[in-house]
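The values are calculated or read from the model by the stated rules, or taken from the named source; none is laboratory data. For clarity, every value in this text was computed on a predicted model and none was experimentally measured. Methodologically, a virtual Cβ is constructed for each residue, glycine included, from the backbone with ideal geometry; neighbour enumeration extends over all protein chains shown. Ligands, DNA and RNA are stripped out before the accessible areas are found, and what is left, the full protein with its side chains, is counted by its heavy atoms. Shrake-Rupley method; radii C 1.70, N 1.55, O 1.52, S 1.80 Å.
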Amino acid sequence: MKIVRRFAVAAAVLCGAPTWSAPASDVTLVRERVKIAAVLKGEFEQTKTLKGFRNPLVSRGEFLVARGQGVWWHTQQPFETTLVVTQTRLFTRNADGSASDLVDAQAEPGARQVNELVFALLAADLDALAAKFTLVAQPVGAAGWTLVLTPRDANLAKFLVRATLSGERDVQTVRIEEARGDATLIRFSHQVPAAALAADEAARFR
Amino acid sequence: MSLPDATGPVPRLRWQVAAWLWLACCVVVGVHQWTFWRASHFGTDVMALLPQDEQSPEVGRATRQLADQATRQVVVMVGAPDWASAKKAAAAWEQAAMSSGGDNTWVTARAPFQRSAMAGDAALRDTLAFYAPYRDRLLTPAQRAQLERAPPAALLQSALAALAQPGGGFRLADWNADPLALWPQWWLARASETRARPRDGQLALSDGGLEWVVLLEETPGSAFTMSGDTPIAHALAKGRVAAIAAVPGARVLAGGVPLHAEYAASRAHLETNTIGWGSIAGVLVLAWLAFRSLWPRLLMAVSLLVGVAMALSATSWVFGEVHLLTTVFGASLVGCAEDYGLYYFASRQGAPGVAPLRMMSTLLPGLALALLTSVLGYFALGLPPFPGLRQMALFSVVGIAGAFMTTVVWFPWIDRGSPGRTRFSDWIRASFARYPRFGATRRTWIVHAALAVACGAGLVALRVNDDLRQLQGSPPALVDAQREVGRLLGVASPAQFFVVRGTSADDVLQREEALKTRLDARVTNGELAGYRALSDWVPSQSRQAADAALTKRVEDGVIAGVNQVLGETPQRARFDAPALTLAAWLASPAATAGRALWIGAVPRADDGTAFASVVMLRGVRDLAALPDIARSADGLAGVRWVDQVQSVSALLGRYRHTMSLLLLAGHAAVLGVLAWRYGRRAWRAWMPTALATVGTLALLAAFGQPLQLFNVLALALLLGIGVDYGIFLLERENADAGAAWLSVVLGAASTWLSFGLLALSSTPALHAFGLTLSFGILIVWLVTPLYRPATVSLQKAP
């Protein structure tokens, strides 16, 4: 499948300026309110608005994010497909459980950077994000927050206008606006943090 | 005391006219010299020494093009265990190295490096925009195979999965213009020409546990001067220190032609100085010991100065510039050019009563003959079509002739004093009588038989090695770093490639595609990491048409399938641009990456081919497998394998062979010239040089030195120099043999000194040259008096 290769290309354009910190109060606000777990699992609903499509494309499924391990993204509706991003591999898990179309991060070093970015977005890893984006945070109510990310690098800005994260203790929505006019909104629900992966969960990354 | 043997009136008037004419010549050269030194025309390109492949102009063009592209580029790689440290070290490197030129306030404030334009963002954007209309007709081999073979249902699944992936997926085109995301993958294939990838605004790669930052720098042109400065090495050293200070344990590698060129230029500068000044000092000390007077050495310095100035002017007139290595070689001219002056002053010293002009006219035939044989030797040096050797030959012939003319036409007028005798010169003169001599005795025959056996054994043991790589003069550290950079980046080697010829530009591209089909199999089984070809960037018209039809069929199907599953209505984007042509591509900013691969129009061959391109190989796993990879060209029309190292080595071998034959012919010619003057005694002047030639070969074998072209060239020169000594001794056998011997001893000693110093050169070609000549001159020197006629030994030395 081709989708994994898009990640690799994304890597070729993910370029950032030297580390720069957002106003301390902003980032501190999110840092105080969000809790990053080593392992986070839950459900998602993704709504994509694509140019040329009459209706938004809605997909649902379950996900698992494990720090240092990778991201497991299992779409169940409207069709079944699983994407796994790890430190060294990018692959789709077929219905029969076999893995296919892997990209070796050693051969294509961009893959690792994409993995880092995806993980940082889903887990709201502020330090990692600050390297590539300008961060502006705002409080929402007593416990909520939004964080607007604008790419620092011109190459990344050619693809991505901005990403907006919102949540409380966990990230609840991620909104991605692309330069081509396409947009994606991901809502997370039923998040469960954990200290470590269960054995069967760890197997998903192999 | 003997008197000069020439009688009759001296042509005074003619001599005077000659002196004035020569002065006029010198004034003209002097004026030229003034402009020459103001705009220094010294060349440093070592490749200029090597001959072009005369059989195929496109190979020469390809080599030049690939070399030109690289002449100013320097690749610096800064490595550290993690990415953050690597970036930090690289930033420190850049800050230190880039500012390195600034602390020399007397130089135009110009950093030794400027950022390579190839890394620019704008260039990437323009290239993406240029290619966008042709998206449908550009596929990688793997994509083509997949679209042809994969069942439509699988392709539909893959398109749906792409739609479901988290986030937008960083598309390079709208979904309806590229539903299978083929476009980013095609670009990835183009980007894989090196292993470096953009990361945080820099080029990066990971290898062996280290993260590397790749910095592409350019030197601002040929900044080399005769000062021997090394601004690039200096900047690199400063950068390295700064990088290691910022991140202890950081590794810094640098590669690129400018590094090697600068090293060669600074070595050449140093060697010109050492060898030149060394031999000048030697000559002066010897002259002082022999004559104990300022005059002879001052006059000989004048003759040398005139000779070198004329040599520089003539060389820059003919070749447009003077190669630095020519001046290194020219420095050794000092040793030869003063033979004439020494011969004159030694003779004057021996007969102070004879007027200078009469003495000169007496010596002239011998001097002229000595010049003739030397010029014959240097002339042979210029016969092979090596531009560098021709320069050296011209430089030497003009230089030696200039020194000769100055000695002959000026010395008699300027030389007013009569050089007094010294104990040193008397001792040498007297030693001649005691020097042994080969008579027609049994002992002579036994010695010669023993010599013949020894030389024969040496000749049998002599190895021949024409490998170009042994002429590589860069220090191992530089070569290793270069190799490591090449390996890490996985870039194509400019030394081996395929040349593809065709009747039209499109024909060239089609033939490339046929070759690539074969190379793809070798990429699949790991023999190669890949290749660089023009048809990757601009496929042939037929390939574009086929791929456009394929993507249209498949993508129409996929879009219809997606529409059916999702109840949607997007239509495939229209691709109605005409096919991409090579001409349009070459005129666009997109051509930066591959322009050097296009050789363009070449002279029409018998098969009608008139255009050519280069296909380069990347990441050859095993260099020993190159001959096998070369066979990929077998049976393909217009495709030819070129191995530069191997073909230049073969060329060196061919010229070594030719020069060996010319050397034999030269010996015959010199013997003929000698016979014309000396009749049956001619062999006495020739024999020492012949013996020295064979003896030198035997000595080279004994020292384990392989025979190569430059040894043979040195032997050609030995012929010219060595025979001089025999001539001087024969010329004066009935007059002042001691004076002739004195000039031979002084001349040989100073020549030996200068070529002995040349043997210390770190430029392998010059080292071989110098070593051969030092052996040869030493033998000639020691052996020449052994072959003097019996009459000489009977003559009482004065």
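The table for this structure:
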read-out: The stretch B:675-692 and the stretch A:34-63: distance between their alpha carbon centers, rounded to Å; value: 99
read-out: Principal axes of chain B: Cα extent on each, largest first, Å; value: 123, 59, 49
read-out: B:Arg358 - accessible surface, heavy atoms, 1.4 Å probe, Å² rounded to 10; value: 80
read-out: Sequence ranges B:429-437, B:275-283, ranked by mean other-Cβ count within 10 angstrom, highest first; value: B:275-283, B:429-437
read-out: Averaged over B:710-720, number of beta-carbon atoms from partner chains that fall within 10 Å; value: 0
read-out: Total charge dipole magnitude, the stretch B:499-635, about the Cα centre, Cβ charges on Lys, Arg, Asp, Glu only, Debye to nearest 20; value: 200
read-out: Whole-Å distance, taken between Cα centres, linking the stretch B:412-461 and the stretch B:736-786; value: 13
read-out: Per-pair calculated FRET efficiency, R0 = 30 Å: B:Thr524 and B:Asp126 via Cβ, rounded to 0.05; value: 0.35
read-out: Size of electric dipole in chain B: Cβ of Lys, Arg +1 and of Asp, Glu -1, about Cα centre, debye, nearest 20; value: 2680
read-out: Computed E for A:Ala196/B:Ala549 - FRET, C-beta separation, R0 56 angstrom, nearest 0.05; value: 0.55
read-out: Length-normalised contact order of the stretch B:292-391 in % [C-alpha pairs under 8 Å, at least 6 apart]; value: 29
read-out: Burial ranking of peptide ranges A:50-57, A:124-131 (average Cβ count within 10 Å, highest at the top); value: A:124-131, A:50-57
read-out: Farthest toward positive dipole pole in the stretch A:140-206 [+1 Lys/Arg, -1 Asp/Glu at C-beta], among A:Ala202, A:Pro151, A:Thr173; value: A:Pro151
read-out: Spin-label proximity, B:Asp467 to the stretch B:705-741 - amide N less than 17 Å from point 7 Å beyond Cα toward beta carbon; value: B:705-710
read-out: Cα gyration tensor shape for the stretch B:400-439, rounded if a/c is under 1.5, else prolate or oblate; value: oblate
read-out: Peptides ranked, highest mean first, by Cβ atoms within 10 Å: ranges B:732-740, B:263-271; value: B:732-740, B:263-271
read-out: Partner chain coverage, peptide A:46-54 - average Cβ within 10 angstrom; value: 6
read-out: Rounded FRET efficiency, nearest 0.05, which uses the C-beta distance separating B:Ala430 from B:Val27 and R0 of 56 Å; value: 0.80
read-out: Partner chain coverage, peptide B:148-161 - average Cβ within 10 angstrom; value: 3
read-out: Rounded if a/c under 1.5, otherwise prolate or oblate - the stretch B:282-372, Cα gyration tensor axes; value: prolate
read-out: Value at 222 nm in deg cm²/dmol, rounded to 500, when DSSP H runs of n ≥ 4 in chain B each add -39,500 (n - 2.57); value: -20000 deg cm²/dmol
read-out: Separation in nanometres of the label points that stand 7 Å from Cα toward Cβ, at A:Arg31 and B:Ala668; value: 9.1
read-out: Relative contact order computed over the stretch B:567-717 (Cα-Cα under 8 Å; 6+ residues apart), in percent; value: 15
read-out: Relative contact order for chain B, counting Cα pairs under 8 Å that sit 6 or more residues apart, in percent; value: 21
read-out: Farthest toward positive dipole pole in chain B [+1 Lys/Arg, -1 Asp/Glu at C-beta], among B:Thr658, B:Leu700, B:Tyr678; value: B:Tyr678
read-out: Set of the stretch B:697-719 residues, backbone N closer than 17 Å to the point 7 Å along the Cα-Cβ line of B:Ala457; value: B:697-705
read-out: Added length on full extension, which subtracts the Cα-Cα distance from 0.36 nm per residue, B:Arg483 to B:Ala237; value: 86.7 nm
read-out: Violating pairs (Cα-Cα greater than 30 angstrom) within the set A:Lys48/A:Lys158; B:Lys88/B:Lys516; A:Lys41/A:Lys132; A:Lys158/B:Lys87; B:Lys516/B:Lys552; A:Lys48/B:Lys87; value: B:Lys88/B:Lys516; A:Lys48/B:Lys87
read-out: Unit charges at the beta carbon, dipole of chain B: most positive-side option, B:Ser774, B:Ala162, B:Gly208; value: B:Ser774
read-out: Gap separating the Cα centres of the stretch B:620-642 and the stretch B:487-519, nearest whole Å; value: 11
read-out: In Å², nearest 10: area of B:Val565 left accessible to a 1.4 Å probe; value: 80
read-out: Cut-off 19 Å (backbone N to label point 7 Å along Cα→Cβ of B:Asp607), residues of the stretch B:462-505; value: B:497-505
read-out: Approximate spin-label separation B:Ala142-B:Ile446, in nm, with each point projected 7 Å along Cα-to-Cβ; value: 8.1
read-out: Estimated distance in nm for a label pair at B:Arg64 and B:Trp317, the labels positioned 7 Å out from Cα along Cα-to-Cβ; value: 2.5
read-out: The stretch B:305-460 shape via C-alpha gyration tensor axes, a/c threshold 1.5; value: oblate
